[in-house]
Amino acid sequence: MLSFIQRHAAKVRGVLHGFDRVRLRGTLRWLANCRGLMTYLFAKKVLLKEFKEYATDITDRIRTASQQTAEAAGRPLEYLNSSALSKEDRARAIAQADGVTAGLIAVFSCVEPCISYRIARNRDEQKLELRCERMKCLHHYFYYLDPQLGFCHLRLQTWFPFNLHVCLNGREWLARQMDQAGLGYVRRDNTFTHVADIEQAQQLFDQQLKGNWEVCLRRLTQQAHPLHRELFRDPELTYYWSIDESEWASDVMFRTSDDLAALYPRLIRHGLTALGSPDVLRFLGRKVTAQGEVNAHFAGEIATDLKRRPEGMRIKHRLNRNSIKMYDKQGSVLRVETTINDARDLKVYRRSERDPDGPKKWLRMRKGVADLRRRAQISQASNQRYLASLATVDSDASLGELSAPLCQPAQLAQRRVRALNPLSVEDGGLLASVSRGEFAINGFRNRDLRALLYPADEADPATLRRRSAAITRKLRLLRGHGLISKVTKTHRYVLTDQGREAIAALLAAKNASATKLNQLAA
């Protein structure tokens with residue numbers, strides 16, 4: 001990422017990293033499955049034949065409490081006859097029309113799909129049974145202008161298992177933090193186009209990860225669902241909070257719209273033609289083979305798509321249910337955003353819940369807020385890898401201008417080195433190897449290239465020496481053409497600016513289909 005910022009330093013004001021939209025789910029774990037609910041009903045001495053009446057009574061009390069909450073705040077409670085209506089747009093319109101600057105904006109009720117329970121007769125066993133099925137029930141939406149979180153909402157399911165969803169936005173939260181700190185900024189929609197002190201703003205952003213999310217969510221629950229403690233006092237049930245979806249965005253703020261407009265089409269072209277499935281895997285923290293290919297055992301789905309939005313073009317790379325995308329915001333902000341919908345695809349170094357005193361090891365990431373920081377860390381690393389790959393895209397030079405010097409012999413320390421043939425298997429593989437994403441920060445060594453360019457079978461010492469010497473000659477060839485440089489007092493090499501630019505263009509052209517090249521040339 002630093003290479004991208006440094007390359008465009010004269011055009012960039014700064015960068016802000018942090019959560020965009022975050023959707024959390026509160027679950028009463030006893031009620032989350034049939035077995036747990038049966039245990040709960042047994043504790044409450046409720047028979048299955050009495051379940052509907054019992055559940056209906058709780059639902060009626062929750063609806064009454066929601067109405068009382070709206071009336072006490074002097075805010076409207078509206079029924080929406082379609083779940084497709086934008087509740088956020090409606091809430092913002094009400095806030096603007098009524099001049100609401102803090103507190104509850106409105107309460108909406110709407111029938112929507114959900115996972116819930118019903119009692120059915122088991123004809124084989126001739127008895128009633130509890131079934132968990134997809135159903136529809138009434139949901140209440142509470143929209144707030146919260147003093148800490150800004151514009152946010154809470155969604156309450158009014159039928160068992162009474163799940164809660166809280167949707168908040170890190171940029172809204174940051175705006176409140178900067179207001180309290182007296183920090184000036186220019187905000188358009190959900191984007192900051194200018195911040196008086198970007199370093200201080202980033203420090204405020206980082207504080208969001210250090211806050212007590214459980215306390216904040218408990219406060220919102222008490223505001224919108226005050227009956228919870230009364231309804232689930234004996235036995236006491238508390239909400240377990242997990243993250244259903246998180247968006248972590250890196251906003252590169254350009255000084256003018258013209259600066260971004262001149263660069264953005266080339267960034268889109270790079271994303272379409274140069275970034276393949278192995279790159280998407282690396283961006284989102286998955287391993288590839290030593291040859292830089294997708295592992296043969298990988299059974300997931302990788303896709304890239306381009307979508308034209310009213311404000312511009314958006315490119316999205318998806319790995320199963322997680323994704324990374326790039327788009328331009330408000331004309332002058334380049335946003336790279338990692339979305340995590342499925343935490344099971346990711347890892348965290350922690351102790352197992354089954355053995356809390358045991359050693360730490362790499363385990364699946366949990367959806368709970370306990371792994372919130374790790375989620376942010378993975379998302380930030382994904383954004384950084386993506387921006388680092390974009391650092392090569394900054395030149396208006398044609399492919400012919402970039403490749404012509406490489407196709408001619410050159411000299412290194414007054415010794416001749418041969419011309420390169422970028423489209424050949426040997427030289428093309430060498431260029432692809434040195435430009436791999438994992439080498440972008442720390443560079444590469446002779447042994448790193450040896451593992452990529454030669455079979456991984458066991459070799460005798462003499463063969464290893466010959467292979468090492470061959471790699472040394474290849475490194476000398478690249479140095480002679482000015483594509484790489486040696487890091488002082490180390491055995492590592494890094495791409496030069498010229499090398500990064502030329503190799504990216506050559507690989508993009510090599511990997512692009514004739515159809516794509518014709519479309520870009522049109």
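The values are calculated or read from the model by the stated rules, or taken from the named source; none is laboratory data. What you see is a predicted model, and the numbers here were worked out from it, not measured in a lab. Glycine also receives a Cβ, built like all others from the backbone with ideal geometry; neighbour counts cover every protein chain displayed.
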Report summary line: Filter the stretch 66-92 for residues that are assigned to a helix (DSSP H, G or I) and of a type in the set (A, V, I, L, M, F, W, C); the one that is surrounded by the most Cβ atoms within 10 Å (Cβ to Cβ) is Ala91
Query raised in the report: Mind checking whether some residue in the stretch 20-31 is touching a residue at least 40 places away in the same chain (Cβ under 8 Å), in contact with a His (Cβ under 6 Å, 6 or more places away or on another chain), charged (D, E, K, R) and at negative phi?
Result: yes
**Report entry** Every residue from the stretch 476-506 that is assigned to a helix (DSSP H, G or I) and either buried (at least 19 other Cβ atoms within 10 Å of the Cβ) or on the phi > 0 side of the Ramachandran plot (or both)
**Finding:** Leu477, Leu478, Arg479, Gly480, Gly499, Arg500, Glu501, Ala502, Ile503, Ala504, Ala505, Leu506
Query raised in the report: Can you find a residue in the stretch 308-328 that is in the same structural domain as Glu247 (by TED's automatic domain parsing), within 21 Å of Phe192 (Cβ to Cβ) and of a type in the set (Ser, Thr, Tyr)?
Result: yes
Query - Considering residues of the stretch 382-434 that are small (Gly, Ala, Ser) and buried (at least 22 other Cβ atoms within 10 Å of the Cβ) only, the residue nearest to Lys486 (Cα to Cα) - result: Ser389
Requested in this report: From the list Arg314, Arg350, Arg375, Arg335, pick out the single residue that is without any contact (Cβ under 8 Å) to a residue 60 or more places away in the chain, within 15 Å of Ala249 (Cα to Cα) and touching a strand residue (DSSP E or B) at 6+ places or on another chain (Cβ under 7 Å).
Outcome: Arg314
**Report entry** Test result for Ser3, in contact with a helix residue (DSSP H, G or I) (Cβ under 7 Å, 6 or more places away or on another chain), assigned to a helix (DSSP H, G or I), more than 24 Å from Arg187 (Cα to Cα) and polar (S, T, N, Q)
**Finding:** yes
Report summary line: Scanning the stretch 320-334 for residues that are within 13 Å of the chain's Cα centre (by Cα) and surrounded by fewer than 22 Cβ atoms within 10 Å (Cβ to Cβ), the one nearest to Phe4 (Cα to Cα) turns out to be Lys325
Report summary line: Given (1) under 18 Å from the mean Cα position of the chain (by Cα); (2) small (Gly, Ala, Ser); (3) farther than 30 Å from Asp189 by Cα, Ala274 misses just (1)
Requested in this report: Test Arg308 against the stated conditions and say whether it is charged (D, E, K, R), at pLDDT 85 or above and not in a loop (DSSP other than H, G, I, E, B).
Outcome: no
Report task. Identify the residue in the stretch 438-449 that is assigned to a helix (DSSP H, G or I) and surrounded by fewer than 17 Cβ atoms within 10 Å (Cβ to Cβ) and, among all such residues, is modelled with the lowest pLDDT. Result -> Glu438
Report summary line: Reported set for the stretch 370-381 where residues are aliphatic (A, V, I, L, M) and surrounded by fewer than 20 Cβ atoms within 10 Å (Cβ to Cβ) is Ala370, Ala381
Query raised in the report: Going by the conditions given, is Ala10 in a helix (DSSP H, G or I) and among the hydrophobic types (A, V, I, L, M, F, W, C)?
Result: no
Query raised in the report: Do we find a residue being within 23 Å of Gln330 (Cα to Cα), in the same structural domain as Glu112 (by TED's automatic domain parsing) and part of a loop (DSSP other than H, G, I, E, B) anywhere in the stretch 176-191?
Result: no
Report summary line: Over the stretch 181-196, the set of residues touching a strand residue (DSSP E or B) at 6+ places or on another chain (Cβ under 9 Å) and of a type outside the set (Val, Ile, Thr) is Leu183, Gly184, Tyr185, Arg187, Arg188, Asp189, Asn190, Phe192, His194, Ala196
Report task. Could you please let me know if Lys361 is closer than 28 Å to Ala509 by Cβ, among the charged types (D, E, K, R) and surrounded by fewer than 16 Cβ atoms within 10 Å (Cβ to Cβ)? Result -> no
Report task. Test Phe108 against the stated conditions and say whether it is aromatic (Phe, Trp, Tyr), surrounded by 13 or more Cβ atoms within 10 Å (Cβ to Cβ), farther than 30 Å from Arg35 by Cα and touching a Lys or Arg at 6+ places or on another chain (Cβ under 7 Å). Result -> yes
Query raised in the report: Given the conditions (1) at pLDDT 80 or above; (2) out of contact with any helix residue (DSSP H, G or I) (no Cβ under 6 Å at 6 or more places or on another chain); (3) not basic (Lys, Arg), which single one is not true for Ile315?
Result: (2)
Query - Criterion: in a loop (DSSP other than H, G, I, E, B) and either under 30 Å from Ala508 (Cβ atoms) or not assigned by TED's automatic domain parsing to the domain that holds Arg282 (or both) - qualifying residue of Ala432, Ala388, Ala419 - result: Ala419
